[in-house]
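The values are calculated or read from the model by the stated rules, or taken from the named source; none is laboratory data. From a predicted model like this one, the values you see are computed outputs, not experimental measurements. In this analysis, Cβ positions are derived from the backbone assuming ideal geometry, glycine residues included, and neighbour counts consider all displayed protein chains.
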Amino acid sequence: MIGILAGWVVNPLFYIGFFLLMAWCLRKSSYGKRVMLGIALLLLCLFTNAPLYQALYRQWFAEYDRSLATDKVYRYGIVLGGYSNWDWERNRVEFGQVADRLLEGIRLYHQGQIKKLVLASDGSIIESENDVEMKGNPEGMLQYLEALGMPRKDVILETKAWNTQENATFTLELVGDVLKTEPSLLITSAVHMRRSLMTFRREGILAEPYITDTPVQIGDEKPSWVPSLAVLLKWSELLHEWIGYVVYQWRG
């Protein structure tokens with residue numbers, strides 16, 4: 001039930017629909033009805049505005065958007081999950097839109113900037129206690145990584161976490177207090193970094209940010225001012241991070 005409610009709260013259509021419903025409930029031609037319709041229309045305009053979305057989206061991770069020093073080496077690179085699931089029907093890993101998290105981790109390992117790669121839970125490796133929840137295949141994922149040139153001795157799998165807070169807690173338990181005494185590289189999507197970095201640092205982990213899945217500027221192309229349904233659909237991710245950040249701050 002909580003998961004369903006959370007899904008609605010991060011959906012911009014929830015807010016637009018709420019004010020439309022309020023307008024429908026109010027009597028005909030009332031001032032309140034016009035106000036509710038006006039708010040619904042304003043929200044629709046805002047949530048379909050590409051330049052506004054792009055500006056807010058980029059601002060959310062701007063402070064972490066910097067290059068990694070080529071001469072800096074980390075013992076651990078921590079890759080946050082959400083990039084893949086294990087396809088049991090075909091017995092292989094299937095990647096989603098944020099696969100850059102893992103790919104960049106592997107690249108940095110091969111460049112010598114990371115000594116060991118920590119996969120902080122993911123659909124491809126998570127261990128489920130029943131057949132109802134998502135279930136990964138840690139051994140299968142290790143074999144896949146070996147095929148990409150990642151030695152098993154340099155891969156650490158954290159297979160229990162179901163959210164970012166658990167990622168930090170279980171990673172610290174698995175790797176140990178060395179994460180509190182020397183910097184590690186935290187690798188995750190740009191939009192996810194602010195909440196993730198706060199969470200890991202609150203656990204005492206000396207994490208430094210490395211963002212992936214950043215928007216790409218193609219030539220002189222600019223976002224259009226024409227209302228876009230595609231932009232409306234993108235808002236859920238950003239709202240999820242905003243609300244999640246506030247909740248994590250509140251929980252301490």
_Failed item in (1) at pLDDT 95 or above; (2) of a type in the set (D, E, K, R); (3) farther than 23 Å from Tyr109 by Cα, with Glu158 passing the rest_ = (3)
*Just a yes or no: is a residue in region 185-192 surrounded by fewer than 19 Cβ atoms within 10 Å (Cβ to Cβ), at negative phi and at pLDDT 90 or above?*
no
*Could you pull out the residue among Lys234, Lys180 that is outside the structural domain of Gly96 (by TED's automatic domain parsing), modelled with pLDDT of 90 or more and not in a strand (DSSP E or B)?*
Lys234
_Residues being touching a residue at least 24 places away in the same chain (Cβ under 8 Å) and either out of contact with any strand residue (DSSP E or B) (no Cβ under 7 Å at 6 or more places or on another chain) or within 30 Å of Asp177 (Cβ to Cβ) (or both) - total across region 201-221_ = 13
*Options Val79, Val9, Val73, Val93; residue that is aliphatic (A, V, I, L, M) and modelled with pLDDT under 95*: Val9
*Output for region 146-165, where each listed residue is in a loop (DSSP other than H, G, I, E, B) and more than 27 Å from Gly112 (Cα to Cα)*: Lys160, Ala161, Trp162, Asn163
*Can you confirm whether region 62-81 contains a residue that is closer than 21 Å to Pro223 by Cβ and surrounded by fewer than 15 Cβ atoms within 10 Å (Cβ to Cβ)?*
yes
*Kindly provide the set of residues from region 195-210 that are touching a helix residue (DSSP H, G or I) at 6+ places or on another chain (Cβ under 6 Å) and surrounded by fewer than 21 Cβ atoms within 10 Å (Cβ to Cβ), ordered by number.*
Glu203, Gly204, Pro209
*May I ask you to verify whether Pro227 is in contact (Cβ under 8 Å) with a residue 40 or more places away in the chain, touching a Leu at 6+ places or on another chain (Cβ under 9 Å), part of a loop (DSSP other than H, G, I, E, B) and surrounded by 12 or more Cβ atoms within 10 Å (Cβ to Cβ)?*
yes
*Quick one: in region 115-172, which of the residues that are within 24 Å of His240 (Cα to Cα) and basic (Lys, Arg) is nearest to the chain's Cα centre (by Cα)?*
Lys160
*Can you name the residue in region 9-31 that is small (Gly, Ala, Ser) and in a helix (DSSP H, G or I) and is also surrounded by the fewest Cβ atoms within 10 Å (Cβ to Cβ) among such residues?*
Gly17
*If you go through region 129-136 one residue at a time, do you hit one that is surrounded by fewer than 21 Cβ atoms within 10 Å (Cβ to Cβ), modelled with pLDDT of 95 or more and not assigned by TED's automatic domain parsing to the domain that holds Glu241?*
no
